[in-house]
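Q: Sharing a structure with you now.
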Amino acid sequence: MSFRLGLTGGIGMGKSTAARMFRELGHPVWDADAAVHRLYAPGGAAVAPVAAAFPGVLRQGGIDRAALRAALAADPSGFQRLESIVHPLVAEDRAGFIAAHEDAPIVVLDIPLLYEGGSQAQMDGVAVVSAPAELQRARVLARPGMTEENFRLILARQMPDAEKRARADWVIPSATLAGARAAIVDICARIMAERGHA
């Protein structure tokens, strides 16, 4: 059975880059955001129930994420409705991925809201990607269409970085690519050694 390594970190912390590094080392990576994209795409399992719960978000057979964001901004209580629909479908997708890669020594599960959603209980270990707050802010505000207000709203839904670091088994510092890569190589080596794959 694979070691289930939860990978998390706040917006702009470099988690996507870290996930790519794990992939480059040959470890399968499941991406929660990509799973949601598949579920929202035409034919996806979340399309009908989300469209029913949030009128006006259906576009060309799929869920229009911008329209859904607008609906949630207008009615923040909708987050719970949305999560009750999407979370079980995402969990099913994740379970299928883990089963398909059961022979891999390490399976990396890239989950942005890992602690917020309580997913750490299903992990064998957790690695948090972290960068200084000013670097995080610069990275996020450099994204197309990102505003201070959006950044503030996103941060409000995420556990503070310091708390994530305190809870994690490993911290991946992402201020530099070399530092992140060295930490990831070390994490993988430790897990492999513990499991007799050294």
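Q: Which of the residues spanning the range 11-25 are part of a helix (DSSP H, G or I) and either surrounded by 21 or more Cβ atoms within 10 Å (Cβ to Cβ) or not β-branched (Val, Ile, Thr) (or both)?
A: Listed by number, the residues that qualify are Lys15, Ser16, Ala18, Ala19, Arg20, Met21, Phe22, Arg23, Glu24.
Q: What tally of residues in the range 105-135 results from selecting those that are part of a helix (DSSP H, G or I) and either in contact with a Phe, Trp or Tyr (Cβ under 8 Å, 6 or more places away or on another chain) or closer than 19 Å to Phe151 by Cβ (or both)?
A: Of the residues in that region, 3 qualify.
Q: Considering only the range 156-185, state which residues are touching a strand residue (DSSP E or B) at 6+ places or on another chain (Cβ under 8 Å), outside any strand (DSSP E or B) and open to solvent by less than 70 Å² (accessible area, probe 1.4 Å).
A: Asp161, Lys164, Ala168, Ser174, Gly179, Ala180, Ala183, Ile184
Q: Pick from the range 104-114 the residues that are open to solvent by 20 Å² or more (accessible area, probe 1.4 Å) and in contact with a strand residue (DSSP E or B) (Cβ under 7 Å, 6 or more places away or on another chain): which of them is farthest from Glu92 (Cα to Cα)?
A: Once the filter is applied, the top-ranked residue is Pro105.
Q: Now for a different question. Quick one: count up the residues across the range 44-63 that are over 20 Å from the mean Cα position of the chain (by Cα) and either over 16 Å from Glu92 (Cβ atoms) or at pLDDT below 95 (or both).
A: So the count comes out to 12.
Q: Take residues that are over 23 Å from Leu7 (Cα atoms) and tell me which of the helices (runs of 4 or more DSSP H) falling wholly in the range 26-104 contain 2 or more.
A: 47-53, 65-74, 78-100
Q: Still on this structure, please answer the following. Suppose the filter is under 19 Å from the mean Cα position of the chain (by Cα) and buried (at least 17 other Cβ atoms within 10 Å of the Cβ); does Arg4 pass it?
A: Against the criterion (under 19 Å from the mean Cα position of the chain (by Cα) and buried (at least 17 other Cβ atoms within 10 Å of the Cβ)), Arg4 qualifies.
Q: Moving on to the next point. Could you check the range 136-152 and list, in sequence order, the residues that are assigned to a helix (DSSP H, G or I), surrounded by 15 or more Cβ atoms within 10 Å (Cβ to Cβ) and not basic (Lys, Arg)?
A: Gln136, Val140, Asn150, Phe151
Q: Suppose the filter is open to solvent by 20 Å² or more (accessible area, probe 1.4 Å), closer than 27 Å to Arg139 by Cβ and either touching a residue at least 24 places away in the same chain (Cβ under 8 Å) or not small (Gly, Ala, Ser) (or both); does Val36 pass it?
A: The answer is yes for Val36.
Q: Quick one: would you say Ser77 is more than 30 Å from Asp186 (Cβ to Cβ), polar (S, T, N, Q) and either surrounded by 13 or more Cβ atoms within 10 Å (Cβ to Cβ) or over 19 Å from the mean Cα position of the chain (by Cα) (or both)?
A: yes
Q: Would it be correct to say that Ala41 is open to solvent by less than 60 Å² (accessible area, probe 1.4 Å), over 30 Å from Ile191 (Cα atoms) and modelled with pLDDT of 95 or more?
A: yes
Q: Related question: Please verify whether Ile63 is touching a strand residue (DSSP E or B) at 6+ places or on another chain (Cβ under 6 Å) and either farther than 30 Å from Ile184 by Cα or open to solvent by less than 60 Å² (accessible area, probe 1.4 Å) (or both), treating the condition exactly as stated.
A: Taking the combined requirement at face value, the residue does not satisfy it.
Q: Would you confirm, using the coordinates I've provided, whether Val90 is within 22 Å of Ser119 (Cα to Cα) and among the β-branched types (Val, Ile, Thr)?
A: Judged against the criteria, Val90 is a match.
Q: Hey, another quick one. Out of the range 115-132, which residues are open to solvent by 70 Å² or more (accessible area, probe 1.4 Å) and at pLDDT below 95?
A: Answer for the range 115-132, where residues must be open to solvent by 70 Å² or more (accessible area, probe 1.4 Å) and at pLDDT below 95: Ala121, Gln122.
The values are calculated or read from the model by the stated rules, or taken from the named source; none is laboratory data. Note that this is a predicted model, so its numbers are computed, not measured. Here the Cβ is made from the backbone with ideal geometry for all residues, glycine too, and neighbour counts use every protein chain on show. The area values use the complete protein model at the heavy-atom level, side chains included, leaving out ligands, DNA and RNA. Shrake-Rupley method; radii C 1.70, N 1.55, O 1.52, S 1.80 Å.
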